[in-house]
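Below: the structure, in structure tokens.
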Amino acid sequence: MWWYFVSLVFVIILSFLLLLSILAYLYISLGNDLVQHRNPFPPILTIILFSLILGTTITLTVGRKVLAPIADLIKAAKEVSKGNFEIHLDESHRVSEISDVAHHFNIMVQELRSIETLRNDFVVNVSHEFKTPLAAIEGYATLLQDDSLSKEEHDEYTGMIIDSARQLTTLSGNILKISKLENQELLTEQTEYRLDEQLRQALLLLEPAWGPKQLSLNLDLEELRYYGNEELMMQVWLNVLGNAVKFTPEGGEISVSLRPGPSWITAVISDTGIGMAPKVRKHIFEKFYQGDPARSAEGNGLGLPLVSRIISLSGGTVEVSSEPGVGSAFTIKLPGPVNVK
């Protein structure tokens, strides 16, 4: 950009000199000899004045062309400050620096537009998720005011209120957790513990869910120790295993394997459940996304995004493979080194 401006200044000065030379030549060629005139300054002043006017016109024209992208950038920035994220700058400027500024400005606006969309979706989804249990609590609490209710009806309505309250507690807790983790770059409170035992504890905690469905559990857990945040990692296993239990029909099978490696720990949790279509599998780690548009299944679409964020903070990866009617398999890799005991 510096050389661009230098070139423009050089061209303008050269144009001035050329104009002066042409005007002087024309003046002399028309029979006007400056030496014979007593006062040669008027013709010289006329030439200079004419050159200045013409040069100023050229300078203003060129300057306006040079400053036009900057003016467009200022105008676009004002629009963005007003909340207009549909603005777009032309990136085809001959000056590479101006083109780069326009390109990165467009990227920034695109990111802001995505954030605004996510924020709006977040507000809509949170409102929806809170509205359903709150409406249930209000409805059943109203029914409880009827003195003619039987004990069975009273117990049923009370149970529904308790379930809805627990749903609200879980939802608010997950929102707080994922909001905290999204603003966190490093894991804290890390300790060394038995990872295979943690997986067994998670399965025991979920026994009230998989026991009545008579699911078969196939465990292949090698004994090893892992250094990480024990509480957050338990959230990972409870969410992934909980989904496997929830979407596996009665008499189905859940397999859990844990194997150490030179650089990675690999945990695979698979099931013989309903599976997922490709379009569902593509979005499962997005907040509030649920494969069931009617949201008939329990959950609020925050479990797997929470899993993804925890694994990311732990320096690992999570992948999923799934086919409708066949089942799903989640592969979680955590960095070592691994201590096997």
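Going highest first, how would you order 319-331, 229-241 by mean Cβ packing within 10 Å? The partial results should precede the final answer.
Numbers: 319-331: 16.3, 229-241: 19.9.
Listed from highest to lowest mean packing, they are 229-241, 319-331.
Taking 51 Å as R0, compute the FRET efficiency from the Cβ-Cβ separation of Glu153 and His88 and round it to 0.05. Write out the running numbers ahead of the final one.
Working: r = 61 Å, r/R0 = 1.19.
It comes out at approximately 0.25.
With a 1.4 Å probe and all protein chains left in place, how much accessible area per residue does region 149-216 have, in Å²?
Working: 4300 Å² over 68 residues.
Accessible surface, normalised per residue, equals 63 Å².
How big is the equivalent ellipsoid of region 167-213 along its three axes, where each semi-axis is √(5λ) from the Cα gyration tensor, reported in whole Å from largest to smallest?
Each semi-axis is √(5λ); the values are 26, 20, 6 Å.
Give the share of C-alpha pairs in each 5 angstrom bin for region 125-243, from 0 to the last occupied bin, in whole percents, shortest bins first.
2, 9, 13, 14, 14, 14, 13, 9, 6, 4, 2, 1
Which FRET efficiency value, to the nearest 0.05, is calculated for Lys131 and Glu223 with the Förster distance at 51 angstrom and r the Cβ-Cβ distance? Could you put the intermediate results ahead of the total?
Details: r = 47 Å, r/R0 = 0.92.
Once the sixth-power term is evaluated, E becomes 0.65.
Note down the accessible area of Glu286, probe 1.4 Å, to the nearest 10 Å².
90
Rank-order 165-176, 307-318, 207-218 by packing density, defined as the average count of other C-beta atoms within 10 Å over each peptide's residues, highest first. Numbers along the way, then the final one.
On the way: 165-176: 15.3, 307-318: 18.7, 207-218: 12.7.
Descending packing order for the listed peptides: 307-318, 165-176, 207-218.
Given a 1.4 Å probe, how much area per residue of region 225-283 is accessible, in Å²?
Working: 2720 Å² over 59 residues.
Spelled out: the 1.4 Å probe surface of region 225-283, per residue, equals 46 Å².
Between Met234 and Ala77, how many nm apart are label points set 7 Å from Cα along the C-beta direction?
5.1
The values are calculated or read from the model by the stated rules, or taken from the named source; none is laboratory data. Only a predicted model underlies this, so the values are computations on that prediction, with no experimental measurement involved. Glycine also receives a Cβ, built like all others from the backbone with ideal geometry; neighbour counts cover every protein chain displayed. Only protein heavy atoms, including side chains, enter the accessible area calculation; ligands, DNA and RNA are left aside. Shrake-Rupley method; radii C 1.70, N 1.55, O 1.52, S 1.80 Å.
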